[in-house]
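Shown next, in structure tokens, is the structure this report addresses.
The values are calculated or read from the model by the stated rules, or taken from the named source; none is laboratory data. Remember, it's a predicted structure, so these values are computed and weren't measured experimentally. Every residue, glycine among them, receives a Cβ derived from its backbone with ideal geometry; neighbour counts consider all protein chains shown. Protein only, heavy atoms only, side chains kept; ligands, DNA and RNA dropped before computing areas. Shrake-Rupley method; radii C 1.70, N 1.55, O 1.52, S 1.80 Å.
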Amino acid sequence: MEENQNYNEETVKVKEEYHQTCSNHPLMKTLLTGLLIFLGAFCAFYVVADWHFKKFFAPEFMSPARMEHRMFKDMRQMDKMLFKEGKDFSRKSAQVIHLEQSKDFYKVIIDLRAFDNNENNVQVTTNGNILTINGRSIRKTKNNEQISEFQQHYMFGNNVRLSDLTKETNGNYYIITIPIGENNNNNEENED
């Protein structure tokens with residue numbers, strides 16, 4: 001143990017110098033403080049915006065009566081829109097073909113403007129006592145091509161002579177005249 005006591009203790013004096021680290025630099029303190037303020041403001045804005053959007057888009061925050069009122073309002077708007085479209089469609093389709101009846105004949109008037117003012121785009125065929133009208137229109141524009149097809153059937157009684165129908169063009173109208181009277185084929189069958 002004496003060895004330990006005889007031991008001369010040498011102390012090394014270290015010169016301590018004050019070195020400013022990066023975290024203690026005034027510029028770094030300012031930058032980090034600004035970054036923390038920005039992140040805090042961003043988080044606060046995000047939280048508030050998220051609350052508002054959730055409240056706005058989530059229907060569970062609405063009362064049931066208010067939600068029911070909103071549904072009925074949407075349904076009324078859809079009904080109005082569909083009714084308007086249906087009314088326009090029936091009005092437009094009624095303007096294309098018109099059927100008139102007189103004492104001696106039926107007259108089917110077709111507006112050719114819907115079929116490019118060309119009577120070749122309209123085909124009229126008969127099958128028994130059924131008159132079939134087919135129409136086709138092709139409209140080409142710069143970016144697309146629109147093809148419209150139309151078919152209408154008319155069923156007449158036995159007193160109409162579809163084999164004697166006449167077709168003529170008068171301006172924008174294609175007129176089909178169908179005489180009313182006893183069919184010649186029926187008279188021949190009755191005489192036998």
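Of the trypsin sites (Lys or Arg not before Pro) found in the range 121-167, the ones in coil according to DSSP and having at most 14 other Cβ atoms within 10 Å of their Cβ are 142. Ordered from largest to smallest accessible area (heavy atoms of protein chains, 1.4 Å probe), the residues 45, 115, 105 come out as 45, 105, 115. Note on residue 65 and residue 164: their simple-model spin labels are 7.3 nm apart, each label 7 Å out from Cα toward Cβ.
If the segment from residue 51 to residue 25 were pulled out straight at 0.36 nm per residue, it would be longer than the present Cα-Cα gap by 5.4 nm.
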